[in-house]
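Note sheet for the following structure.
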Amino acid sequence: MMLILKAFTKQIRQRKSKLKIKRIFADLYANIDGAQLSKKERALLKMENDNLVYGEICFDSFAMMLAVVQPKATDVFYDLGSGIGKAVFCSALLYPWKKCCGIELLPGLHRVSIDLLEKCNSLSDLKAPIEFIQGNLLENDFSDATVIFINATGFTAECWRLIMNKLHALQKGARIIVSSKKISESLYQLLDAKMYWMSWGWASVYIYQKN
């Protein structure tokens, strides 16, 4: 009976902790419309192409994806095409990573991430250091990543081929979370394949581990 009570108490604490984190995340992004910001930025820079189609994670769905990869304190997280930083902040609030990093091409979206990071630096709730890089993900080194998130829904076949080439440099055991596109299972073991709710609706998400 005592063991059951302790287990139940632990579950309650974990639930309360997750609700607190979810409220922090919601407050952080209150009144920030990433899709509109992306649309304006792309129009301003005349960078309208399929590779830059914008989409965001939803907190609960992304928390479930991360639970599949079981992050450890030695893991390094990257979001390739991090937008306004939602996946990065969600990761750093939920788990004690070695580092959480986002790479974003559009300067305006990158600035929002930096502004939010400055706002967040005083929060003791962040469990991991955060870094944001402004630039082309194909021109940046992320070979230290052990967990990667890629919202690949809008990527062209050529862009996806180039990303795949870079993924081959990852160390054995690295986990990759991908929306909408599959990875060759000759090099990567499929850990999970489900529909998850994203900002644009239900999406197929595949989670792999590098052999």
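Read-outs throughout are calculated quantities, based only on the coordinates presented, and are distinct from any laboratory measurement. The shown structure was predicted, so the numbers you read here are calculated from the model rather than taken from an experiment. Heads up, the Cβs are rebuilt from the backbone with ideal geometry, glycines too, and the neighbour counts pull from every protein chain shown.
So that you can scan it fast, the table gives a plain yes or no per residue for (1) among the hydroxyl-bearing types (Ser, Thr, Tyr); (2) farther than 24 Å from residue 175 by Cβ; (3) not in a helix (DSSP H, G or I):
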site: 61; (1), (2), (3): yes, no, no
site: 71; (1), (2), (3): no, no, yes
site: 82; (1), (2), (3): yes, no, yes
site: 113; (1), (2), (3): yes, no, no
Worksheet entry | Cβ-Cβ under 9 Å pairs, at least 6 apart or on other chains, region 32-45 side free of Cβ contacts under 8 Å to residues at least 24 places away in the same chain and surrounded by 13 or more Cβ atoms within 10 Å (Cβ to Cβ), far side part of a helix (DSSP H, G or I) and among the polar types (S, T, N, Q) | none
Worksheet item: Would you say residue 138 is closer than 24 Å to residue 24 by Cα, in contact (Cβ under 8 Å) with a residue 24 or more places away in the chain and either under 17 Å from the mean Cα position of the chain (by Cα) or surrounded by fewer than 15 Cβ atoms within 10 Å (Cβ to Cβ) (or both)?
Response: no
Worksheet item: For region 88-106, does any single residue satisfy the condition of being outside any loop (DSSP other than H, G, I, E, B) and more than 16 Å from the chain's Cα centre (by Cα)?
Response: no
Worksheet entry | strands (runs of 3 or more DSSP E) within region 142-211 that include 3 or more residues under 23 Å from residue 131 (Cβ atoms) and in contact (Cβ under 8 Å) with a residue 60 or more places away in the chain | 147-151, 175-179
